[in-house]
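The values are calculated or read from the model by the stated rules, or taken from the named source; none is laboratory data. Bear in mind the structure is a predicted one, so any value in this text is a computation, not a measurement. Note that each Cβ is placed from the backbone with ideal geometry, even for glycine, and that neighbours are counted across all protein chains shown.
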Amino acid sequence: MSEDIEKTISELHIYEKKLLKELEAKPEATPEEIAENSGMDIKSVMSAAGSLASKDIIEMHKDVEEIYSLTDDGMEYAEKGLPERRILDVLAKKEQIHMKDLSDETGVDKKETNIAIGWLRRKNWAQIDKGVVNITEFGKDFVSKMDIDEETLDYLKANADGVKLFTDDLMNGVKKLAGRKNILNVKKETSHSFTILPKGEEILKHGFEIKEQATQLTHEHLKDGEWKSLEYRPYDINAEAPVIFAGKKHPLRVIIDEIREIFLNMGFSEDKGEYVESAFWNFDSLFQPQDHAAREMQDTFYLKNPLTCDLPDMDLVKLTAETHETGADTGSIGWQYDWSEDIARQSVLRTHTTGISTKHLFEHEPPIKMFSVGRVFRRETFDYKHLPEFHQVEGLVCDEGISYQNLLGTLKEFYKKLGFEVRFRPAYFPYTYLSTETEIYLEEKESWIELGGAGMFRPEVLKPLGINQPALAFGLGIERLAMIRYDVEDIRMLYKSDIKWLRELPIDQGVRL
Ligand code: DAH
């Protein structure tokens with residue numbers, strides 16, 4: 001125990017010690033008195049007191065008092081009398097006054113006569129009958145007597161600096177006056193007092209010295225050698241620090257930026273597509289037949305505005321049509337159906353980022369190394385695993401000699417940099433051969449999770465675009481990576497701005513390059 005006390009004492013600030021000593025000498029001392037006697041300013045006294053209170057050494061009491069005084073209007077009433085009193089005085093002589101003559105007869109301002117009538121009635125000093133104000137017996141009684149609100153008014157007038165305490169009677173008067181507008185000023189005055197708690201008593205019993213201690217080492221201390229002789233105040237390095245929630249990027253943004261950084265570092269350049277795309281680029285350029293299931297309304301969002309998109313270069317459109325219908329000179333027999341320009345013109349919210357790859361191939365000459373990150377849209381029902389919009393990163397490499405091995409190597413490298421180890425399994429896409437899907441093993445779930453598709457673009461895709469070199473491409477989901485990284489079970493968490501979760505996520509999520 002005494003060791004504890006010694007430790008507590010050693011960590012007391014000089015102001016805390018001074019304050020304790022002052023309270024020992026005069027337990028009922030106010031903060032102002034303590035400030036005066038100890039030479040501290042009032043702010044230091046209060047902050048020392050707060051600190052002592054937080055350590056259960058003293059207790060702080062707060063007392064709030066209301067101070068009443070008269071406003072200018074109130075003062076005028078106090079001098080001239082309340083309007084109902086002024087009317088009563090005239091009524092005492094005249095017994096009755098016609099409402100319309102009230103102001104002229106009594107000198108009470110027209111604006112105030114209504115209020116005055118209200119009070120005359122409430123106080124039962126007068127009754128109104130057919131537009132005439134008549135004094136009551138009760139009213140006659142009051143001609144020579146003061147009502148409680150009038151007494152209070154007088155009292156406040158006599159104590160113009162303000163009154164804190166009233167007798168019960170006067171307090172009733174205050175309540176009555178407070179029912180009128182703009183008569184009373186109420187000011188709140190807060191005062192503090194302290195009590196030494198048992199721990200404080202113990203500290204005082206143990207005793208301590210009041211000595212200047214350095215809490216900070218300054219440049220000057222070091223320069224002039226004073227640091228050698230200074231006495232330092234010990235710190236409690238185990239003391240709890242306040243939790244600070246610094247502003248930071250949203251976790252999904254963090255992972256997207258990380259992905260961009262990785263591809264830029266791997267020598268890819270970034271392209272951007274549009275959310276609204278023609279079915280031509282989203283489907284047809286990818287050798288997806290026009291009756292393909294993915295094009296169905298239940299999977300794809302079709303737009304009303306714009307209802308259609310322009311088709312690109314007509315040579316490209318023709319070649320694409322021919323490839324779909326017969327395979328043209330790609331070595332394939334195509335899908336064997338009548339290709340429709342109208343269907344290709346339909347505008348859709350892009351269902352994947354792969355249309356960016358075909359457009360990029362059409363607009364650029366190999367060698368090409370391109371990536372693109374963005375939102376894609378599918379008609380999914382919300383649940384813990386699905387959202388109607390999510391993010392993909394698309395990648396494309398096209399040059400002489402590019403092979404399926406390069407594709408696997410590129411993907412492995414990318415995921416490794418993100419901190420994931422992946423495996424590949426065979427897959428099918430209408431636009432690639434060979435095709436694969438990337439998967440990651442999740443220990444906790446003891447299962448493989450699919451991350452995205454990839455493959456070598458088929459000649460049916462490349463030829464119409466005028467590309468004769470091989471091209472590898474991939475389209476990978478981003479939300480799932482974020483879910484694994486941030487240990488989120490429900491994909492909706494990434495979109496619902498759960499402030500508690502966001503605050504508590506660690507800030508340090510740098511790129512692992
Ligand atoms: N577009 C596919 C999807 O959304 C993924 C994909 C597969 C992209 C193969 C590609 C690819 O670039 O070659 O699931």
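Going by what's in this entry, would residue 288 be described as in contact with a strand residue (DSSP E or B) (Cβ under 8 Å, 6 or more places away or on another chain) and not hydrophobic (A, V, I, L, M, F, W, C)? Criteria not met by residue 288. Remark: pairs (first residue in the stretch 349-366, away from the ligand (no atom under 12 Å from the Cβ); second residue modelled with pLDDT under 95 and assigned to a strand (DSSP E or B); Cβ separation under 6 Å; 6+ apart in sequence or on different chains) are absent. For the residues 439, 444, the requirement of being in contact with a strand residue (DSSP E or B) (Cβ under 8 Å, 6 or more places away or on another chain), surrounded by fewer than 19 Cβ atoms within 10 Å (Cβ to Cβ) and among the acidic types (Asp, Glu) singles out 439. As a summary of the residue check, residue 297 satisfies the conditions (1) surrounded by 15 or more Cβ atoms within 10 Å (Cβ to Cβ); (2) over 32 Å from the mean Cα position of the chain (by Cα); (3) in the same structural domain as residue 481 (by TED's automatic domain parsing) except for the one numbered (1).
Has the stretch 213-221 got at least one residue that is among the charged types (D, E, K, R), over 30 Å from residue 309 (Cα atoms), out of contact with any Pro (no Cβ under 9 Å at 6 or more places or on another chain) and outside any loop (DSSP other than H, G, I, E, B)? Yes, the stretch 213-221 contains a residue that is among the charged types (D, E, K, R), over 30 Å from residue 309 (Cα atoms), out of contact with any Pro (no Cβ under 9 Å at 6 or more places or on another chain) and outside any loop (DSSP other than H, G, I, E, B). Got a number for residues in the stretch 443-459 being in contact with a helix residue (DSSP H, G or I) (Cβ under 7 Å, 6 or more places away or on another chain) and either within 19 Å of residue 491 (Cα to Cα) or more than 10 Å from the ligand (Cβ to nearest atom) (or both)? Total satisfying the criteria: 2.
Candidates are the residues of the stretch 259-274 that are charged (D, E, K, R) and loosely packed, with under 14 Cβ neighbours inside 10 Å; the one that is farthest from residue 352 (Cα to Cα) is 270. Among the listed residues 330, 351, which satisfies the condition of being in a loop (DSSP other than H, G, I, E, B), surrounded by 21 or more Cβ atoms within 10 Å (Cβ to Cβ) and assigned by TED's automatic domain parsing to the domain that holds residue 491? After applying the criteria, what remains is 351. Yes or no: residue 325 assigned by TED's automatic domain parsing to the domain that holds residue 391, within 19 Å of residue 463 (Cβ to Cβ), among the charged types (D, E, K, R) and away from the ligand (no atom under 16 Å from the Cβ)? Here the answer is yes, as residue 325 does meet what is asked.
Could we say that residue 256 is within 47 Å of the chain's Cα centre (by Cα), under 30 Å from residue 390 (Cα atoms) and at pLDDT 90 or above here? Judged against the criteria, residue 256 is a match. Selection within the stretch 367-391: residues that are outside any strand (DSSP E or B) and within 13 Å of the ligand (Cβ to nearest atom). The member of this set that is modelled with the highest pLDDT is 378. Among the strands (runs of 3 or more DSSP E) confined to the stretch 93-145, the ones with at least 1 residues that are of a type in the set (A, V, I, L, M, F, W, C) and surrounded by fewer than 17 Cβ atoms within 10 Å (Cβ to Cβ) are located at 126-129, 132-135.
The set of residues in the stretch 367-382 being over 19 Å from residue 410 (Cα atoms) and touching a residue at least 60 places away in the same chain (Cβ under 8 Å) consists of 374, 375, 377, 378, 379, 382. Scanning the stretch 219-233 for residues that are under 44 Å from the mean Cα position of the chain (by Cα), surrounded by 12 or more Cβ atoms within 10 Å (Cβ to Cβ) and not basic (Lys, Arg) returns a single hit, 221. Cβ-Cβ contacts under 6 Å between residues 6 or more apart (or on different chains), taken from a first residue in the stretch 76-94 that is within 13 Å of residue 183 (Cβ to Cβ) to a second residue that is part of a helix (DSSP H, G or I), are listed as 78/153; 78/157; 83/112; 83/116. Scanning the stretch 318-332 for residues that are on the phi < 0 side of the Ramachandran plot and small (Gly, Ala, Ser) turns up 321, 332. The numbered conditions (1) surrounded by 14 or more Cβ atoms within 10 Å (Cβ to Cβ); (2) out of contact with any Ser or Thr (no Cβ under 8 Å at 6 or more places or on another chain); (3) farther than 17 Å from residue 86 by Cβ; (4) among the hydrophobic types (A, V, I, L, M, F, W, C) are all true for residue 158 except (1).
Taking each residue of the stretch 163-189 that is under 12 Å from residue 69 (Cα atoms) and touching a residue at least 24 places away in the same chain (Cβ under 8 Å) and looking for partners that are in a loop (DSSP other than H, G, I, E, B) and among the small types (Gly, Ala, Ser) with beta-carbon atoms closer than 9 Å, six or more apart or interchain, yields 185/162; 187/162. Would you confirm, using the coordinates I've provided, whether residue 491 is touching a Lys or Arg at 6+ places or on another chain (Cβ under 7 Å) and in contact (Cβ under 8 Å) with a residue 40 or more places away in the chain? Criteria met by residue 491.
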